Amino acid sequence: MSAPDVDTTRGFLGRTRDIFARMGRHDLWLSFRSKPVVIVAAIVAGVLILSALAAPLIAPHDPYDMASVSLLYAELPPAWVDGGDPAFPLGTDLQGRDMLSTILYGSRTSILVGAAAVALSLVLGVAAGLVAGYGGGVVDSVLMRIADIQLTFPAILIALLFDGVVSAIFSHGSSDQYALLVIILAIGVSNWVLFARVVRSSTLVEKGKDYVKAARVTGVSSLAILLKHILPNTLGPVLVIATINLALAILGEATLSFLGVGLPPTQPSLGTLIRIGNEYLFSGAWWMTIFPGVTLILLVLSVNLLGDWLRDALNPKLR
Amino acid sequence: MQRDQQPRSDAAAPPILEVRNLVVAFHGLAGTLRALDDVSFSIAPGEILGVVGESGAGKSLTGAAVIGLLERPGRIDGGEILLAGRRIDNLPHAQMRKVRGREIGAIFQDPLTSLNPLLTVGEQLTETIATHLALSAKAARARAVELLAEVGIPAPANRIDDYPHHFSGGMRQRVVIALALCANPKLVIADEPTTALDVSVQAQILELIRRLGREHGTAVMLITHDMGVIAETADRVAVMYAGRVAEIGPTREIIETPHHPYTVGLMGSVPVIGEDAEDLVQIDGSMPRLNAIPPGCAFNPRCGEVMGRCLSQRPGLMPAGRSQAACWLMDTVTGDAA
């Protein structure tokens with residue numbers, strides 16, 4: 001509540017300050033503070049994501065710089081193992097690249113792909129859900145049957161199919177160039193259904209509420225009702241799904257890359273690193289696959305825990 | 001009483017709302033259901049018309065038809081709706097939107113869902129004001145504060161940036177009323193505006209609605225199933241039964257000397273403080289389903305004074321004292337009355 005006689009039209013700064021002031025008192029923050037597991041998950045996810053984003057700044061070596069990579073240092077074990085070199089804390093791979101640096105760069109690619117894919121699914125799904133829920137009738141039936149059909153395939157199959165088709169369309173030679181884009185599209189397209197269903201059902205609920213009816217009576221256009229009134233009221237569950245889906249998308253990318261249809265070794269993601277390292281697991285070079293694997297597990301687990309917490313914290317029935 | 005000085009529909013002033021022979025039907029796979037059948041009434045400027053009836057009698061549907069909020073598969077199959085002498089039932093969609101926003105306000109039953117929980121009341125008010133009036137953001141906000149003051153929100157300049165959940169149910173209903181008044185409408189349709197509120201708040205809200213008519217000349221269509229609300233607020237009453245108007249007339253007349261046997265039964269079933277509760281009258285049977293409305297008068301299976309012609313001929317509204325009732329008992333022309 002603002003002080004009496006404040007400026008009648010609050011500026012952007014005033015509003016932002018209000019929002020932060022409210023957040024400090026928000027249930028979500030209180031619930032966060034009282035859950036140690038969630039705090040740890042947030043710290044782990046935060047550190048992983050931040051260090052991945054800052055990879056070019058903090059990585060000890062540049063794994064893409066061929067000039068600084070030397071085969072002399074190939075297959076070095078981690079620094080604390082006999083024969084390790086302190087310059088390469090987590091050891092090196094077959095080409096002599098520093099594992100820590102490749103993992104940082106690889107996480108960066110994984111997170112980028114995951115976030116972009118989730119953003120794509122979110123936009124597709126939310127749009128489809130709003131249109132289906134608000135429009136109803138034939139539009140609703142068509143969109144939801146498409147969603148039903150897609151749900152009968154595992155998401156990874158859709159992504160594989162999509163990846164195959166798009167790679168075939170682009171000329172063979174240059175497919176590496178588009179690999180990042182293709183995999184984002186493939187994962188994004190394979191995951192929109194959940195968003196669409198949830199948004200559709202919330203839209204149906206909100207559509208029947210009196211404030212939407214009242215807005216219609218006052219002559220607000222359908223588009224404005226959808227964007228201003230219904231959309232914001234459906235975003236709570238969308239946020240939860242997006243968080244959980246981020247973990248799924250990262251995992252999906254890792255799976256595709258592990259299968260060899262994802263990102264090429266020149267642009268390694270965590271999944272690519274695991275696949276490459278996997279071939280040398282039994283020849284004793286365990287560090288090449290274990291470290292990217294542990295990073296992936298930590299990343300997915302912490303994001304998932306955050307998503308679970310968010311789901312419970314935003315669910316009025318569980319409060 | 002003050003309301004007795006209010007203009008009536010039979011006065012010289014042309015009615016704000018006139019509904020003529022309105023038919024609303026639902027076309028489904030199982031056939032057509034006539035939910036409103038030949039409904040006619042009018043509301044004069046500043047007048048409050050109470051619409052009463054049991055659940056399913058067509059009260060809310062009448063309101064929805066007037067506002068233009070009929071949901072598929074329901075649609076208007078006949079009749080006319082005139083707002084200040086202009087037909088609005090056949091307007092193209094875009095024009096209807098303008099008309100109903102500017103000239104008709106709506107108040108719904110549940111104040112908890114009548115406001116968008118994510119926008120401050122100020123944002124909702126100014127949005128609506130800006131849709132209809134060419135005002136600057138500042139002027140719209142000033143108008144919003146004014147409206148909140150008018151509906152009795154204390155310290156409106158401070159409360160305008162609050163969210164709906166900062167308000168109690170009664171206060172929220174006041175905000176909803178302010179929202180309905182944004183564009184200075186000629187007609188307000190209030191669909192069970194007090195049902196979700198406790199009795200003391202109810203009285204305040206009703207007083208507020210009554211003041212609208214007095215001070216702004218706003219006509220109000222007050223839909224409710226609560227005879228107490230009607231007695232306290234309405235100038236005239238329309239009693240609905242099975243999608244038809246059974247009786248329409250001045251409130252006092254309807255309450256004290258009802259003519260239609262259904263209205264008689266309805267009034268008999270209202271408990272009066274001080275009387276023995278065992279004297280309450282109950283109308284036997286229940287309202288017919290829409291697919292099984294009997295021929296002739298819809299009330300004939302439950303009527304104690306049913307006559308031969310009630311079973312075959314449908315009565316229209318006939319003069320009955322100061323009211324009009326759709327009952328053959330009132331038929332003095334053919335001399336067939338009991």
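The values are calculated or read from the model by the stated rules, or taken from the named source; none is laboratory data. Here the structure is a predicted model, which is why all the values come from computation and not from measurement. Glycine gets a Cβ as well: all are built from the backbone with ideal geometry, and neighbour counts include every protein chain shown.
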Original post:
Taking segment B:183-201 as the search range and keeping residues that are of a type in the set (S, T, N, Q) and under 16 Å from the mean Cα position of the chain (by Cα), which one is surrounded by the most Cβ atoms within 10 Å (Cβ to Cβ)?
Top reply: B:T194
Subject >> Residues of segment B:53-80 satisfying the condition of being of a type outside the set (G, A, S) and over 23 Å from B:P185 (Cβ atoms) >> reply: B:E54, B:R72, B:P73, B:R75, B:D77
Original post:
What number goes with the only condition from (1) crowded, with 20+ Cβ neighbours inside 10 Å; (2) over 30 Å from B:L206 (Cβ atoms) that B:I48 does not pass?
Top reply: (2)
Original post:
Would it be correct to say that A:G236 is within 30 Å of B:I129 (Cα to Cα), modelled with pLDDT under 85 and surrounded by fewer than 21 Cβ atoms within 10 Å (Cβ to Cβ)?
Top reply: yes
Original post:
What is the residue count in segment B:157-182 for residues that are facing chain A (nearest Cβ under 9 Å), surrounded by fewer than 21 Cβ atoms within 10 Å (Cβ to Cβ) and of a type outside the set (D, E, K, R)?
Top reply: 3
**OP:** Would you confirm whether any residue within segment A:156-165 is within 23 Å of the chain's Cα centre (by Cα), surrounded by fewer than 19 Cβ atoms within 10 Å (Cβ to Cβ), of a type in the set (D, E, K, R) and in a helix (DSSP H, G or I)?
**Re:** no
Original post:
B:L82 passes all but one of (1) of a type in the set (A, V, I, L, M, F, W, C); (2) within 12 Å of another protein chain (Cβ to nearest Cβ); (3) buried (at least 17 other Cβ atoms within 10 Å of the Cβ); (4) touching a residue at least 24 places away in the same chain (Cβ under 8 Å); which number fails?
Top reply: (2)
**OP:** Could you check how many residues of segment B:94-117 are over 16 Å from B:R174 (Cα atoms), aliphatic (A, V, I, L, M) and modelled with pLDDT of 85 or more?
**Re:** 1
Subject >> Residue among A:L270, A:L310 that is in contact with a Leu (Cβ under 7 Å, 6 or more places away or on another chain), crowded, with 19+ Cβ neighbours inside 10 Å and within 26 Å of A:P89 (Cα to Cα) >> reply: A:L270
**OP:** Quick one: which residue in B:L69, B:L82 is under 24 Å from B:H216 (Cβ atoms) and outside any loop (DSSP other than H, G, I, E, B)?
**Re:** B:L82
Original post:
Could you say which residue among A:P60, A:P56 is closer than 27 Å to A:M288 by Cβ, in a loop (DSSP other than H, G, I, E, B), away from chain B (no Cβ under 14 Å) and at pLDDT 75 or above?
Top reply: A:P60
Original post:
Can you pull out the residues in segment B:117-154 that are more than 8 Å from chain A (Cβ to nearest Cβ) and small (G, A, S)?
Top reply: B:G122, B:A130, B:A134, B:S136, B:A139, B:A140, B:A144, B:A149, B:G152
**OP:** Please work out which one of (1) buried (at least 19 other Cβ atoms within 10 Å of the Cβ); (2) more than 14 Å from every other protein chain (Cβ to nearest Cβ); (3) modelled with pLDDT of 90 or more is the condition B:S40 fails and give its number.
**Re:** (1)
Original post:
Which residue, of A:I230, A:I250, is crowded, with 22+ Cβ neighbours inside 10 Å, assigned to a helix (DSSP H, G or I) and away from chain B (no Cβ under 14 Å)?
Top reply: A:I250
